[in-house]
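Shown next, in structure tokens, is the structure this report addresses.
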Amino acid sequence: MAGQQQSEKMWGGRFAEATAASVEAYSASIQYDARLYHHDIMGSKAHARMLARQGLITAEEGEAIVQGLTEIEAEIERGAFVFKPELEDIHMNIEKALTDRIGPAGAKLHTARSRNDQVNLDFRLYLRDEADALDALLCEVQKAFARAARRYLGTVMPGYTHLQRAQPVLLSHHLLAYVEMFQRDRERLAGCRQRINILPLGAAAMAGTGLPIDRRFVADELGFAAITANSMDTTGDRDFALEMLFCLNLIQIHLSRLSEELVLWSSKEFDFVRIGDRYCTGSSIMPQKKNPDIPELMRGKTGRVTGALMALLMTVKGLPLTYNRDLQEDKEQVFDALDTVKASLSITAELLENTVFNVERLQAATIGGFMTATDLADYLVKRNLPFRQAHGVVGRIVALCQQRDCELIDLSLDELRQFSDLIEADIFTVLSVDGSINSRLSDGGTAQVRVEEALARVEQQLGMA
Ligand code: ARG
């Protein structure tokens, strides 16, 4: 039926017909972007103050808007606000509620603004807070690792390459490796936060506005460090969201590598750790089982976090400048990745506090596998044998041990000297696990003194000392 019902949409002026119900359902984002309400209101208040200051609305109108928005926020927080899918998104839900509440002044809020710059603003404000929340969670995880490193200081274990025993190390050295990863994650997030922390508002639909706005005032109100330089770039840009997703990805991938180690280490084959009962689950059929489901899930969830980054990269890939509705697809991916990574981080800190390392097993695993072979080679190098030759000598000694099914340290001095007369009685300290570990004095090495220094530095940085 032609002209049956004029559109009641906020943008409905030029429409003769109401939107199809299927279109409303397909295009609405309110189910997920409602979580931007606080930041949407915060941005609108700053915008209204600027409009009043510039004489684009009266001071009374400005105050009525700010007051109305405060009431709406309280209503949302009480759970009394009704979100309407026919109003599409959080921006229009709030603006409509404001106009219903305060009348014509509400209809002036959108002066010199478009949802294209508004949504970009809301997302940046939201992600700025999330970056801070993630930083705090990462810091807690680092502290949990530092505490474990302190608890187990002195415990030895095999270090691995190719998942083959390589060289003996301190467990604390291994644990502090994760502190470094999470430190880089924090630094990466801080860099991302800097690029998030730039005001997009004022780009309007995409070309800027003819009204005399003051973007710097809004930036100051909202704590932004700068304003974006190009209105077209601004409305089409989601680099900051992609970058946040990448940061989330590396965090989750670090957690996934940790998870893999916990899964391996809690197997009978390794038996390096016991995860507390409260953090494990049983099998519905095999009564003897205790499964490391939490690290397994954490490893598994990496798939969805990675998927979110890939999804948004593909969404942005072919978009012509500037804003396109495709960009609405950004939020669900980022929200899901954020929820997943935050939950994973907070459970990691708990998990670590509830994990006991099997000190005897770790120690026993340093015997076997010729893990001090490099120490023997280094010993020969210190006696001026070129490293490549030393490598060859030690290789032949290892072959003999394999034939005899014994360890390097089990050979007699005479037997060792048949391979090189540079070898003397002090070799036996060098071939011991402690001797090997404590010889690794290079900066960043596993010698106990180096690890103690590293741990003290970390505790200091994390404010634990
Ligand atoms: N909900 C929209 C989004 O997330 C807001 C911007 C809509 N802009 C527009 N011109 N339709 O992208």
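Kindly provide the helix-only [θ] at 222 nm of the chain, computed as the sum of -39,500 (n - 2.57) over DSSP H runs of four or more divided by all residues, to the nearest 500 deg cm²/dmol? It would help to have the intermediate numbers written out before the result.
Working: 19 runs with 278 residues, N = 465.
That comes out to -19500 deg cm²/dmol.
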(message) If you scale each eigenvalue of the Cα gyration tensor by 5 and take the root, what three semi-axes come out for the range 384-428, rounded to whole angstrom and sorted largest first?
(response) 17, 14, 8
(request) Return the sequence-ordered ³J(HN,Hα) values of the range 395-412 in whole Hz as given by the Karplus equation 6.51 cos²θ - 1.76 cosθ + 1.60 applied to θ = phi - 60°, using x for Gly and Pro. (result) x, 5, 5, 4, 4, 4, 4, 5, 4, 8, 6, 10, 9, 3, 6, 7, 6, 7
(message) Taking all protein chains in place and a 1.4 Å probe, what share, in percent, of the accessible surface of the range 1-121 do carbon and sulfur account for?
(response) 53
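How big is D, in µm² s⁻¹, for the range 302-375 by Stokes-Einstein at 20 °C and 1.002 mPa s if Rh is the Kirkwood radius over C-alpha pairs?
Working: Rh = 16.6 Å.
It diffuses with D of about 129 µm²/s by this estimate.
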(request) Kindly report the accessible area of the chain per residue (heavy atoms of protein chains, probe 1.4 Å, no ligands, DNA or RNA), in Å². (result) 48
(request) Could you tell me how many degrees, from 0 to 90 and to the nearest 10, lie between the Cα long axis of helix 448-461 and the main elongation axis, the longest principal axis, of the Cα atoms of the chain? (result) 20
(request) With 5 Å bins from zero, work out the P(r) of the range 106-172 over every alpha carbon pair and list the percent per bin. (result) 3, 13, 10, 10, 10, 9, 8, 7, 6, 6, 5, 4, 4, 3, 0
(request) Please express the Cα-Cα pair-distance distribution P(r) of the range 1-149 as a list of whole percents, one per 5 Å bin, running from 0 to the bin with the greatest distance. (result) 2, 9, 15, 17, 17, 13, 10, 6, 4, 3, 2, 1, 1, 0, 0
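Taking the mean number of other Cβ atoms within 10 Å as a proxy for protection, how do you rank 447-460, 198-211, 105-118 from highest to lowest?
Numbers: 447-460: 16.9, 198-211: 19.3, 105-118: 20.9.
Ranked by mean Cβ neighbours within 10 Å, highest first: 105-118, 198-211, 447-460.
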(message) Working only with C-alpha atoms, what are the Rg and Dmax values of the range 260-314, expressed in angstrom?
(response) 14.7, 46
(message) Between helix 37-53 and the chain, what is the angle of the helix's C-alpha long axis to the longest principal axis, kept within 0 to 90° and rounded to the nearest 10?
(response) 50
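Please list 17-24, 237-244, 354-361 highest first by mean number of surrounding beta-carbon atoms within 10 Å per residue.
Ranked by mean Cβ neighbours within 10 Å, highest first: 237-244, 354-361, 17-24.
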(message) Longer than 32 Å from Cα to Cα, which of K45/K331; K45/K143; K108/K342; K45/K342; K289/K331 are they? Say none if no pair is.
(response) K45/K143; K108/K342; K289/K331
(message) Could you check the spin-label model distance between E71 and A465? Points 7 Å from the Cα along Cα→Cβ, value in nm.
(response) 5.6
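Arrange the peptides 163-169, 224-230 so that the one whose residues have, on average, the most other Cβ atoms within 10 Å appears first. If you can, show how the numbers build up before the last one.
On the way: 163-169: 17.1, 224-230: 15.1.
Order by mean packing, descending: 163-169, 224-230.
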(message) Give me the net charge for the shell around G368: Cβ to Cβ below 12 angstrom, other residues only, Lys and Arg +1, Asp and Glu -1.
(response) -2
(message) Let me check I've understood the local charge: for D293, count other residues with C-beta under 13 angstrom from its C-beta, Lys and Arg +1, Asp and Glu -1. What total comes out?
(response) +3
(request) Find the percent of Cα-Cα distances in the range 144-289 that exceed 27 Å, and round it to a whole number. (result) 50
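Can you tally the net charge around A107? Count Lys and Arg as +1, Asp and Glu as -1, for every other residue whose Cβ sits under 11 Å from the Cβ of A107.
Values: positive: K96, K108; negative: E61, E95, D100.
With Lys, Arg at +1 and Asp, Glu at -1, the net is -1.
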(request) Compute log10 of I(q)/I(0) for the chain with the Debye formula, placing one identical point scatterer on every Cα and leaving out solvent, at q = 0.08, 0.11 Å⁻¹, to two decimals. (result) -0.66, -0.95
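The values are calculated or read from the model by the stated rules, or taken from the named source; none is laboratory data. Please read these numbers as outputs of a predicted model, since none were measured by experiment. Glycine gets a Cβ as well: all are built from the backbone with ideal geometry, and neighbour counts include every protein chain shown. All accessible areas refer to the heavy atoms of the entire protein, side chains included, with ligands and DNA or RNA removed. Shrake-Rupley method; radii C 1.70, N 1.55, O 1.52, S 1.80 Å.
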